[in-house]
Amino acid sequence: MREFLATVIQDTVGDQAEWLAYGGEHASLNELNGNLIVRAPHDYHREIDALLGRFRELMIDRLARSLSESAIKELLEKADRLRFDGDYAGALKVVDRAMSLNREHPGAVALRKVIVETMRNKARDQ
């Protein structure tokens, strides 16, 4: 990851020709004890800070989506078990909880439709 970050920084921040890795003399990037050490003009540091901030946002967003998807999967499995056991009201509540994480999740939308339709048919048959 550090090598990737070093390459991205040197390819996108400031003038690429200024980086030591590309033959320049005014900016360098080295690793020390797992940290990236940057020697560069102050404006390069501001650009690097902004770039790393964008990386952090992307990583947090990706993690949140992954956690959300895992939670939705677990909820849908629970809802399907409840539906199988005939607890349609309970299954509907669990599906609605899953949909609160992602209103347009295709699995949740489809399962909700099946549960509601089953509940209507059961009510009509009584």
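Every number here is computed from the coordinates shown, using simple stated rules; none is lab data. If you're wondering where the values come from, they're calculated on a predicted model, not measured in any experiment. In this analysis, Cβ positions are derived from the backbone assuming ideal geometry, glycine residues included, and neighbour counts consider all displayed protein chains.
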Length released on extending from MET119 to ALA21, taking residue separation times 0.36 nm less the Cα-Cα span: 28.6 nm
Intensity falloff of the stretch 1-63 expressed as log10 I(q)/I(0), Debye formula with alpha-carbon point scatterers, at q = 0.20, 0.22, 0.24, 0.29 Å⁻¹: -0.77, -0.90, -1.04, -1.34
Within the chain: Cβ-based charge dipole about Cα centre, in debye rounded to nearest 20 (Lys, Arg +1; Asp, Glu -1): 1100 debye
Reciprocal of mean inverse Cα separation for the chain (Kirkwood radius, Å): 18.5 Å
Cleavage-rule hits (GluC sites (Glu not before Pro)) in the stretch 26-109: DSSP loop, at most 12 neighbouring Cβ within 10 angstrom: GLU104
Rg/Rh (Cα only; Kirkwood hydrodynamic radius) as it applies to the stretch 62-126: 1.04
At most 16 other Cβ within 10 Å, DSSP loop - trypsin sites (Lys or Arg not before Pro), the stretch 63-110: ARG103
